[in-house]
Amino acid sequence: MALIHATSLERWQDWQRSRHPLRRAKHSTLDAVRRLRGRHEHEPERYALHSVDGEGKERILIAVDSVSPTSRASLLTALPYLRSGVDILAPADVELPELAGRKAARTELADAEALTGRGIRAITSLGWHLGAGRLAHDWAASHGIASTIVQHGALTPYAPPLPPESTLFAWTMEDGNFYRSSRRDVDVRVIGSQLLWQASREDVRAGATASAQEHPDEDRLVFLGQMHGAELPRRITAGAAIDLCRKEGALYRPHPMETDVVSRTTHRAMQRAGIEFQDSSIPLATMSNPVVAVFSTGVLEAAVRGVPAWVHAPKAPVWVEEFWDRYRMSRFGGSEPTRGPEIGADEPARLLAQHLEGVA
């Protein structure tokens, strides 16, 4: 199977909006309040440019739309390996901890043309489906600048399309071909996953010790929640969790994004039914609990750390099983735990920096 929307960002955005009707209603209400207060209905996003000097006059632009763990692992871990000057484009209110201790100049970005004349030779981001990424890739396309994307998570058919005439830095060639979906204007270079590379170097024994000190259920099965995901209806994601938690006495660990009204209502119903929840403040990296999920990258992170991990989703669509097969994820019940993905010797962040600077 390939991407559902392999070339049209607009169609992907329409699909994304259709998956969150309650969120759209909330935003409509907020827009109405802003109008009553005399504010613009759609205030433009404000961006800042964080600039770090380097060798030579050529620079690399990194567009960051959030500082989530996956975003930071995929993009900002390359900073120590880049010899060129670096400009980081991000929403004005986003903090960048990776710049702590570095001499970085911060300027407000009036418009994309402020990027012109800075000596930028290449840009990279997680995609052009969010504000900073779209601004950077549109600017690069209009100026003949090399445009690159870093894969930051396991890929479903509902991933946003790649920008035209771009290069994808993929985890594997299998992922690269899936994400490219037969497009001839997209090149693929395999660098591996920084997220999984880091997980492979975490000491699961130390994690188990820390976990045991914080809660007494370190051997209990944990279901990783994914009710926030747009790819599947809640009857599948919540249904899979309820099914397994009831049958196996597993703990449910809500995803940090499960904060909407429907998720909170479902949580209360699950707890009334006797399903116990794990404390989400305990970092996953410190846990030795065996885990189960529907299609979470957390299954691969656990497996590469040596923690037993499986997938489970009764009545899931065919693409979910194809997803499991592509990442060699083991079904729960009657099969060995998922084997950790093969991790290369070279750190993906270093390989990314080399590719961006054209020395690989």
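Laboratory data are not the source of any read-out in this text; all were calculated from the coordinates shown. In this text the structure is predicted, and so the values were computed from the model without any measurement. Every residue, glycine among them, receives a Cβ derived from its backbone with ideal geometry; neighbour counts consider all protein chains shown.
Just a few scattered comments:
- Distance in nm between pseudo-label sites at Ser182 and Asp346 (7 Å out along the Cβ direction from Cα): 3.1
- Ranked list, fewest to most other Cβ atoms within 10 Å of each Cβ, for Ser66, Ser51, Ser166: Ser66, Ser51, Ser166
- Taking other C-beta atoms within 10 angstrom as a stand-in for reagent exposure, Arg235, Arg264, Arg118 fall in the order Arg235, Arg264, Arg118, fewest first.
- Dividing the summed -39500 (n - 2.57) terms of all DSSP H runs of n ≥ 4 by the residue count of the chain sets its mean residue ellipticity at 222 nm at -10500 deg cm²/dmol.
- The range 256-360, relative contact order in percent, only Cα pairs under 8 angstrom and at least six apart counted: 20
- Distance in nm between pseudo-label sites at Ile4 and Ala105 (7 Å out along the Cβ direction from Cα): 4.5
- Net lengthening on full extension, Arg331/Val262 (0.36 nm per residue, minus Cα-Cα): 22.1 nm
- Fewest-first sequence of His152, His267 by Cβ atoms within 10 Å of each Cβ: His267, His152
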